[in-house]
Amino acid sequence: MTEMSEVCAALGQYCASTAMVFAMHQIQVACIVRHGLGSQMFRDYCAELVERQMLLASATSEVGVGGDTRSSICAVEVADGIFTLNKDATTVSYGANADDLLVTCRRSVDAARSDQVVVLARRGQYRLDQTTNWDTLGMRGTCSPGYRLSSSGPAAQILPGSFADASSHTMVPYSHILWSSLWLGIATDAVTRAARFVRAEARSKPGTTPPTALRLAEVSNDLHTMRAMVRDMAREFTDAQSPNEDAEALLGMGFALKMNNLKIASSTLLVKIVHQALLLCGILGYKNDSPFSLCRHLRDAYSAPLMIGNDRIFAKNASMLLVHKDD
Amino acid sequence: MSITDIILRTLAEHGRLAADRSLIDDHTDLYQAGLTSHASVNVMLALEGLFDIEFPDRMLRRGVFRSVSSIRQAIEELTAGAASPPQLTGELK
């Protein structure tokens, strides 16, 4: 995790969309590796994934559930060892470019909305009909329009266990840590540009500290806070994987709260840091064609508090804090 | 009223289960019966109030609230050592 976190942060310094695609692929792979290896089909699939270097995308969102990935309307149906699954997904990032898809759905047609499983739909087994466009402020390179998915394939491609466990054990922690890591990358590059700007000012008048240096110290302080948070949670997650640790800890409420807090804090700090860097660079940060341009950083940054809306996460935390004792 | 009855009534009141109450037995998977994490928090809160207990952090995980039987085990563990059997301190509607 610490290594993947570093990769996301490094990519994020150059292209946040690329970093996001990398992160999302790793999240899907982790779901299979951590929850599917009890099945021969998924063991073979993992080998093929590495061998052929395939790209995995996910269809977790759905029209009608109001952004709650932990509930589904669509259901997988199995007959004679063959699954059929149709889903109206609001966004499927890089759906047009992915090889295979992981799709969340109800376990069966009579299952509750929250009783979900994950189904692997392989290229050739699914069809995507684009329903909406991806004409957004930022993160444009993730190419995430809506699609109507229709798929069918061997029932063995239904991931063993429940999505509830895969979600709390893997998808949520991987998402929050890797997203936060790539946001750290955006923030790092914004501060790098601001620092370069201040140094250029300082060089033009040696002997006097430019007033912007104080602002640089301030924004650098926020960047260090963000970096410490991301690294701390990446390390804590890695430690919780070691055989000495109680793996059940990952399923606890305390851990869920920490992960949610990381997501809220890092996405909020990202917007603040890029904003501060922009004030510092002034018009040169506002221009698209200047070496100090922060336009793309700003556009991409504003996606962070919206990707699983922070208010939604605050509401979940509020509910958990009613019973969680942090002592 | 037995602990099991109290759990079943609490589930009926706060669990917002999709499945019919009469179909819930000791080992029914409550999550498959439609218990969401949000509803499970309300069930916990109600049980904490009714039994005058606090579920410690180690018990705040999905496994503990997966079935009537596992919830009962947790309550029995938390009320063990009490001189008398679990007393109902709260009001059931």
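Residues considered: B:46, B:18. Of these, the only one that is open to solvent by 60 Å² or more (accessible area, probe 1.4 Å) and of a type in the set (A, V, I, L, M) is B:18.
The condition of being in the same structural domain as residue A:237 (by TED's automatic domain parsing), of a type outside the set (A, V, I, L, M, F, W, C), farther than 21 Å from residue A:44 by Cα and open to solvent by 30 Å² or more (accessible area, probe 1.4 Å) holds for only one of A:168, A:175, that being A:168. When A:48, A:6 are checked against the criterion of being of a type outside the set (Phe, Trp, Tyr), under 21 Å from residue A:166 (Cβ atoms) and modelled with pLDDT of 95 or more, a single residue qualifies: A:48.
Please go through the range B:22-36 and pick out each residue that is more than 7 Å from chain A (Cβ to nearest Cβ) and closer than 30 Å to residue A:317 by Cβ. Selection gives B:24, B:28, B:29, B:30, B:35. For first residues located in the range A:218-242 and under 13 Å from residue A:190 (Cβ atoms), partners that are part of a helix (DSSP H, G or I) and open to solvent by 50 Å² or more (accessible area, probe 1.4 Å) and lie 6+ apart or on another chain with Cβ distances below 8 Å form the pairs A:222/A:272.
Give me a count of the residues in the range A:182-212 that are among the polar types (S, T, N, Q) and under 25 Å from residue A:225 (Cβ atoms).
Our first condition is that a residue be among the polar types (S, T, N, Q); within the range A:182-212, this holds for A:188, A:192, A:204, A:208-209, A:212.
Applying the additional criterion that residues be under 25 Å from residue A:225 (Cβ atoms) yields A:188, A:192, A:209, A:212.
Looking only at that region, the number is 4.
Scan the range A:271-327 for residues that are open to solvent by 100 Å² or more (accessible area, probe 1.4 Å), within 14 Å of another protein chain (Cβ to nearest Cβ) and in a loop (DSSP other than H, G, I, E, B) and the total you get is 3. For residue A:93, the stated conditions do not hold, so it cannot be described as more than 26 Å from residue A:49 (Cα to Cα) and either in contact (Cβ under 8 Å) with a residue 12 or more places away in the chain or β-branched (Val, Ile, Thr) (or both).
Out of the strands (runs of 3 or more DSSP E) lying entirely within the range A:43-138, which hold 1 or more residues that are open to solvent by less than 10 Å² (accessible area, probe 1.4 Å) and within 22 Å of residue A:306 (Cα to Cα)?
Working: elements: A:56-59, A:77-79, A:82-89, A:100-106, A:116-121, A:126-130.
Hits in the range A:43-138: A:56-59, A:82-89, A:100-106.
Just one of the listed residues (B:51, B:65) is among the hydrophobic types (A, V, I, L, M, F, W, C), within 11 Å of chain A (Cβ to nearest Cβ) and out of contact with any strand residue (DSSP E or B) (no Cβ under 6 Å at 6 or more places or on another chain), and it is B:65. Kindly provide the set of residues from the range A:14-48 that are of a type in the set (D, E, K, R) and within 18 Å of residue A:168 (Cα to Cα), ordered by number. Listed by number, the list holds a single entry, A:34.
In the set A:303, A:242, A:290, which member is at pLDDT 90 or above, assigned by TED's automatic domain parsing to the domain that holds residue A:192, closer than 29 Å to residue A:168 by Cα and of a type outside the set (Asp, Glu)? Please lay out each step first, then the result.
Working: A:242 fails: at pLDDT 90 or above; A:290 fails: closer than 29 Å to residue A:168 by Cα.
Exactly one residue qualifies, and that residue is A:303.
The values are calculated or read from the model by the stated rules, or taken from the named source; none is laboratory data. Source: prediction; values computed, not measured. Cβ atoms come from the backbone with ideal geometry, glycine included; neighbour counts cover every protein chain shown. The area values use the complete protein model at the heavy-atom level, side chains included, leaving out ligands, DNA and RNA. Shrake-Rupley method; radii C 1.70, N 1.55, O 1.52, S 1.80 Å.
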